[in-house]
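Engineer: After the structure tokens below, expect a handful of questions from me.
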Amino acid sequence: MSYSVAQNTTFLTVASVAQKIISFAYFLFIASIIDVGDTGQYFFAISFTTIFTVVADFGLGPVLTREAAKYPEKSEAYLATVFFTKCAFGLVAYGLVIFLANLLNYSAETRLLIYLSGITMLFDNLQGSFYSIFRARKNLIYESIGILGSQFLTLVIGTTALLLGFPLYWLIIAYTIPSFLNMLYAGIFTWRVYGLPRRWVFDPAVLKSFLVLAVPFALAGIISRLYSYFDAILMSKLLSPEHLGWWSVPYKITFAFQFIPAALSASVYPAMSSLSITDTSKIGAMFEKSWRYLFIIVFPLALGLVVLAKPFIFAFRGDQYLPSVPVLQILALSLIFGYLSFISGALLNATNHQRTQTILLGVALLTSIALNLVFIPRWGIQGAAVAAVISNIILCSGGFYFARRFVVINGKNIFRYANQALWPAIIMAVVVHYLSQRLHFVVTVPIGALVYGILLFVTGGMSREMVVTGFKKVWKK
């Protein structure tokens, strides 16, 4: 059983949309119940352990997806070996979490939150082994169900804990229990759908070959996580928990929208991997089409967040979170370059140029660290946001440059697609900003969407044929 790129993107996007809506509503509910400092502490504990997820995975997830897509007959040996290896690496990663949490001398409460979040990391890592097989078979519907079900259960447990006045660590347990159940669900359905693995046999030869392939992915993953969360670690030592709380809201808002490029890249990655063997000439066209879709989505999203940042934050918690407004506006612009980097990264990894992608991430990380060390002491959380924009620009432009070196990409098409979506988004932002001075921002959003949609058809950014073709691809048997 397999689905098209459009269908898989739809499955994962719909699930991710629902998951992000639930997750974001849950986070806002948490922030509305507990104070800013506790919000920052809770956010930091999750951010800290998220960095070590890549140590537990060590790049084996994407390698399993890629190799099982190329050689499906070897999936059984691949899955069993990767699962056992991830168990061992996961324990090492958890040991590092405990060691560094104590070395950095965090408070006892923060360490407890980190320890519990680390257990969640272990389960998330193992469930990824099973979902890699589904991704290799171009079947993302089970992962989509798992994502949605896990987040809903987190909402139920966490909300109950908050309403009953349970201690802060219950907010972490609300992630741990669903993660464990999601791991069981993924394993059961991998066996029921594909009968894998029939035998849990560890194959040293598979491990040896996979580790060689995984090293660039592991380095890229570690660098990517440091790139995403190093600023939070730095702020935890240089700023107060309140600053982390103010940072967490705009970070969560912008992070919530990353499901769109993540879902698209998860779908095009195995397709590009297959094409890298059969027909590399089609990879460039897939890249152009992916960026076109992302232009259509990210331009109005980013500019809409810029103009609606203040009314949204004010409606959320009044003056208490107003320091978050400029941070949200800056991070919204960073979304544009972050979105596009997902696809260039998928292309480089799928075409066996993961080393290039790793180097790009390393350059972006070093830039981010240097800028954060300078900007955070001077400008606080706004400085961290500026550093994020500059680093994402470097990552995006570098990814595009190298992607064009390895496959044929029509730059004129890219420019035309960007131009067709940018001007409607700018006009929409102007309209929304004007209306938001007179109407509630909730009312202005659908009006802005309507304006943008009409202008998108006018510029040619969207056509009736695109809509019909997309619909047919999603719903084809």
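Just so it is clear, none of the values below were taken in a lab; they were calculated from the coordinates. On a predicted model such as this, the values are computed, not experimentally measured, just so you know. Every residue, glycine as well, gets a Cβ built from its backbone with ideal geometry; the counts of neighbours run over all protein chains shown.
Engineer: Mind putting a number on the dipole of segment 1-238 about its Cα centre? Charges go on the C-beta only, +1 for Lys and Arg and -1 for Asp and Glu, and I need it in Debye to the nearest 20.
Structural biologist: 660
Engineer: Same structure, new question: For Pro72, what is the net charge nearby, where nearby means another residue's Cβ is under 13 Å from its Cβ and Lys, Arg count +1, Asp, Glu -1? Display every interim value, and only then the final one.
Structural biologist: Details: positive: Arg66, Lys70, Lys74, Arg135, Arg137, Lys138; negative: Glu67, Glu73, Glu76.
Its environment carries a net charge of +3.
Engineer: Along its three principal axes, how long is segment 91-173 when you only count alpha carbons? Whole Å, largest extent first please.
Structural biologist: Answer, in whole Å and largest first: 45, 35, 13 Å.
Engineer: Can you give the extra length, in nm with one decimal, that the chain gains between Val445 and Val215 once fully stretched, where that is 0.36 nm per residue apart less the Cα-Cα distance? Write out the running numbers ahead of the final one.
Structural biologist: Working: separation 230, 0.36 × 230 = 82.80 nm, distance 4.45 nm.
Contour length minus the Cα-Cα distance gives 78.3 nm.
Engineer: Find out how many positive minus negative residues lie around Thr49, taking Lys and Arg as positive, Asp and Glu as negative, among other residues whose Cβ is under 14 Å from that of Thr49.
Structural biologist: Result for the local shell: 0.
Engineer: Next up: Averaged over all directions, how much area does the convex hull of the C-alpha atoms of the chain cover when projected, in nm²?
Structural biologist: Averaged projected area of the chain's Cα convex hull equals 21.7 nm².
Engineer: Of Thr110, Phe48, Phe189, which is farthest towards the positive pole of segment 1-238's charge dipole, taken about the Cα centre with +1 and -1 on the beta-carbons of Lys, Arg and Asp, Glu respectively?
Structural biologist: Of the candidates, Phe189 comes out farthest on the positive side.
Engineer: Right, next: Relative contact order of the chain, please, whole-number percent, based on alpha carbon pairs below 8 angstrom and at least 6 residues apart.
Structural biologist: Values: 653 pairs, mean separation 97.5, N = 477.
In percent, rounded to a whole number, it is 20.
Engineer: Next question, about the same structure. Name the residue from Pro270, Pro250, Phe130 whose Cα lies farthest towards the positive end of the charge dipole of the chain, charges +1 on Cβ of Lys and Arg and -1 on Cβ of Asp and Glu.
Structural biologist: So the residue we want is Pro270.
Engineer: Something else about it: Modelling each spin label as a point 7 Å along the Cα-to-Cβ direction, I'd like the Arg416/Ile21 distance in nm, to one decimal.
Structural biologist: It works out to 3.6 nm between the two label points.
Engineer: Can you sort Ser32, Ser132, Ser281 by how many other beta carbons sit within 10 Å, fewest first?
Structural biologist: If I rank by nearby Cβ atoms, fewest first, I get Ser281, Ser32, Ser132.
Engineer: Right, another one. Answer rounded, prolate or oblate for segment 177-303, using the Cα gyration tensor with square roots of eigenvalues a ≥ b ≥ c: rounded when a/c is under 1.5, else prolate when a/b is larger than b/c, else oblate.
Structural biologist: It is oblate, given that a/c is not under 1.5 and a/b is not larger than b/c.
Engineer: Follow-up. Given Cβ point charges of +1 (Lys, Arg) and -1 (Asp, Glu) and nothing else, what value in debye, to the nearest 20, does the dipole of the chain about its Cα centre take?
Structural biologist: Rounded to the nearest 20 debye, it is 1360 debye.
Engineer: If you don't mind, another one. Arrange the peptides 88-97, 193-202 so that the one whose residues have, on average, the most other Cβ atoms within 10 Å appears first.
Structural biologist: Highest to lowest by the protection proxy: 88-97, 193-202.
Engineer: Beyond a 28 Å Cα-Cα separation, which of these cross-linked pairs lie in this structure: Lys289/Lys310; Lys208/Lys237; Lys86/Lys138; Lys70/Lys252?
Structural biologist: Beyond 28 Å: Lys289/Lys310; Lys208/Lys237; Lys70/Lys252.
Engineer: Estimate the FRET efficiency between Tyr434 and Phe152 by the formula 1/(1 + (r/R0)^6), using the beta-carbon distance for r and 25 Å for R0, to the nearest 0.05. Before the final figure, lay out each step's value.
Structural biologist: Details: r = 38 Å, r/R0 = 1.52.
Here the calculated transfer efficiency is 0.10.
Engineer: Follow-up question, since we're still on this one. Among all helices in the chain defined by DSSP H, which have a length of 30 Å or more along the axis from Cα atoms plus a Kyte-Doolittle mean of at least 1.6?
Structural biologist: Span-like helices here: 324-350.
Engineer: At a Förster distance of 60 Å, what's the computed FRET efficiency of Ile98 paired with Val458, Cβ-Cβ distance as r, to 0.05?
Structural biologist: For Ile98 and Val458, the calculated efficiency is 0.55.
Engineer: Sorting Val249, Val268 on the 10 Å Cβ count, fewest up front, what's the list?
Structural biologist: Val268, Val249
Engineer: Taking Cα centroids, how far is segment 348-415 from segment 65-111 in Å?
Structural biologist: Rounded to whole Å, the Cα centres lie 26 Å apart.
Engineer: Taking only DSSP H segments of four or more residues, each worth -39500 (n - 2.57), what value at 222 nm results for the chain once the sum is divided by all its residues, to the nearest 500 deg cm²/dmol?
Structural biologist: -30500 deg cm²/dmol
Engineer: If you don't mind, there's one more thing I want to ask. Please say if segment 64-213 is rounded, prolate or oblate, where rounded means a/c under 1.5 for a ≥ b ≥ c the square roots of the C-alpha gyration tensor eigenvalues, and otherwise the choice is prolate for a/b larger than b/c and oblate otherwise? Kindly include the intermediate steps, with their values, before the conclusion.
Structural biologist: On the way: a/c = 3.21, a/b = 1.53, b/c = 2.10.
In terms of gyration-tensor shape, oblate.
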